[in-house]
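See below for the structure under consideration.
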Amino acid sequence: MAEQRLLIIGAGFAGLWSAMAARRLIDVHKDIARDRPIQVTVVAPEPELVLRPRLYEANVAEMRASLVQLFEATDVQFVAARVGAIRPQDGVVDAVDRAGAAITLPYDRLVLAPGSQLARPNIPGLREHAFTIDQIAEAVELEDHLKHLTSLPPTTPRNTIVVCGGGFTGIELAAELPERLAGIFGKGEAFRIVIVERADVIGPELGSNPRPFIASALGELGVEMKLGSAVASIDEGGVTLADGERIDALTAVWTAGMEASPLTKQVAAPRDGMGRLQVDRNLRIPELPGIFVAGDAASVVTKQDGHLALQSCQHALRLGRAAGHNAAADLLGVDGRPYEQLNYGTCLDLGSWGSLITDGWDRQVHQTGLAAKPIKKFINQTVIYPPPPNAAAAYAAADPADDPPPVKAFL
């Protein structure tokens with residue numbers, strides 16, 4: 001039988017773990033795979049995992065991990081290219097390689113794991129004047145800008161930073177900034193850090209249980225909060241709010257809102273309000289049974305009658321394992337495994353104040369402050385990294401039957 005082609009778009013958390021889970025299942029069913037061979041291929045601009053959850057930290061240029069040796073050890077083919085079009089009717093993907101040449105990649109099953117991007121609404125000046133930390137190059141640009149501020153005379157605008165958006169990313173960045181700025185300018189320099197959030201509460205998506213701790217931490221760190229305030233415009237000298245208030249600042253960082261990769265629009269199937277493709281419990285698009293979706297591009301419940309998976313690293317890891325497993329199972333002719341995520345925890349970094357650890361969808365607070373900081377560091381510096389370049393270790397970590405422990409297991 002001719003070799004079957006399992007193509008995975010994206011080398012982020014979902015794409016990486018789709019590849020590992022697919023290769024694991026092929027290894028489990030070696031006898032079947034001899035008669036029904038499968039080539040697993042990942043296509044992405046670079047063979048590296050960007051540690052996106054860490055881009056609020058300092059030294060962001062280091063927040064990447066090479067996948068070259070891991071792919072070699074697990075027999076995953078890598079194609080360095082940017083995907084431009086998906087043609088389900090032909091079973092091919094069109095892309096452009098590093099040399100600028102157009103290439104066509106055929107597939108028998110496709111896992112679409114292109115990730116998400118920061119939503120950038122049509123606010124005057126946002127694209128021209130606001131920094132972001134959505135991608136590694138953008139986070140590096142912000143870091144370089146902060147260092148450049150030391151060459152300017154101290155003024156109120158120079159020493160004011162506006163974080164536009166009081167969600168998960170905005171909170172982590174704002175809480176991290178006092179320590180980062182002290183490292184750049186010295187502890188004698190005073191900065192004003194302001195979070196602008198259009199909702200009437202900080203961290204609206206995080207629920208009520210952790211909110212008092214978040215507000216207390218930000219207050220102790222000297223971070224101001226302007227709640228119930230929308231950004232009307234951004235210019236090179238500051239931010240104007242919808243009520244007319246002006247905040248003079250040389251640094252505005254946009255962190256509000258996420259949406260699925262534009263590649264999801266290449267597929268004619270229903271999407272949710274964030275552009276995510278709606279899939280069944282096996283992460284397959286019902287209208288296009290040859291395509292599976294994982295990570296931030298997938299809209300699916302975490303278990304029967306459960307919550308929708310979030311656009312987060314935690315869910316991307318689990319979604320990737322399920323999508324790769326099920327796509328390979330389809331080609332091998334064996335049973336798949338419906339996606340579920342029984343455990344859910346939140347680990348929020350709050351700078352020098354510490355961290356906040358919650359468990360469950362209602363986010364019951366389990367630990368706060370400096371005692372919780374090692375847990376966040378362990379997650380950021382160990383849990384989210386790729387497995388070692390060893391097939392046995394990678395396959396063991398890619399088993400979709402192993403649900404990650406709840407956050408409280410680390411306490």
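For the reader, a short list of remarks on this structure follows.
- Note on exposure: E224, E128 ranked by accessible area (1.4 Å probe, complete protein assembly) read E128, E224, with the most exposed listed first.
- Percent of beta bridges antiparallel (DSSP, segment 44-103, rounded to nearest 5): 90
- Most simply put, segment 273-371 has about 85% antiparallel DSSP beta bridges, counting only bridges with both residues inside it.
- Helix-only arithmetic for the chain: the sum of -39500 (n - 2.57) across DSSP H runs with n ≥ 4, divided by the residue total, places the mean residue ellipticity at 222 nm at -7500 deg cm²/dmol.
- Short-range pairs are left out: with C-alpha atoms under 8 Å and at least six residues apart, the relative contact order of segment 175-280 is 18 percent.
- Global geometry of segment 195-236, whether rounded, prolate or oblate, following the gyration tensor of its Cα atoms and the 1.5 cut on a/c: oblate
- Packing, taken as the mean count of other beta carbons within 10 Å per residue, orders the peptides 145-154, 166-175, 104-113 from highest to lowest as 166-175, 104-113, 145-154.
- Relative contact order (%) - criterion: Cα under 8 Å, at least six apart; region: segment 139-224: 33
- Values of log10 I(q)/I(0), in the order q = 0.15, 0.24, 0.34, 0.35 Å⁻¹, for segment 56-98 under a Debye, Cα-only, solvent-free model: -0.65, -0.89, -1.05, -1.08
- Qualifying lysines (Cα of each under 19 Å from Cα of K147; at least 8 residues distant if same chain): K187
- Gyration tensor analysis over the Cα atoms of segment 297-400 returns equivalent ellipsoid semi-axes of 29, 19, 9 Å (largest first, whole Å).
- The chain - percent of accessible surface contributed by carbon and sulfur, probe 1.4 Å: 50
- From largest to smallest, the equivalent ellipsoid semi-axes obtained for segment 126-191 from the alpha-carbon gyration tensor read 19, 14, 12 Å.
- Antiparallel %, DSSP beta bridges [both residues in the chain], to 5: 55
- P(r), alpha carbons of segment 265-344 - 10 Å bins starting at zero, rounded %: 20, 55, 24, 1
- Taking all Cα pairs closer than 8 Å and separated by 6 or more residues, the relative contact order of the chain comes to 20 percent.
- Only aspartates and glutamates eight or more places from K303 in sequence, or on another chain, were considered; those with a Cα closer than 19 Å are D272, D280, D335, E340, D359, D362, D399, D402, D403.
- Added length on full extension, which subtracts the Cα-Cα distance from 0.36 nm per residue, A80 to H148: 21.1 nm
- Principal axes of segment 114-249: Cα extent on each, largest first, Å: 41, 38, 34
The values are calculated or read from the model by the stated rules, or taken from the named source; none is laboratory data. What you are looking at is a predicted structure, and each value in this text was computed from that prediction instead of being measured. FYI the Cβ positions are ideal-geometry reconstructions off the backbone, even for glycines, and counts take in every protein chain you see. We work out accessible area using only protein heavy atoms, side chains counted, and drop any ligands, DNA or RNA first. Shrake-Rupley method; radii C 1.70, N 1.55, O 1.52, S 1.80 Å.
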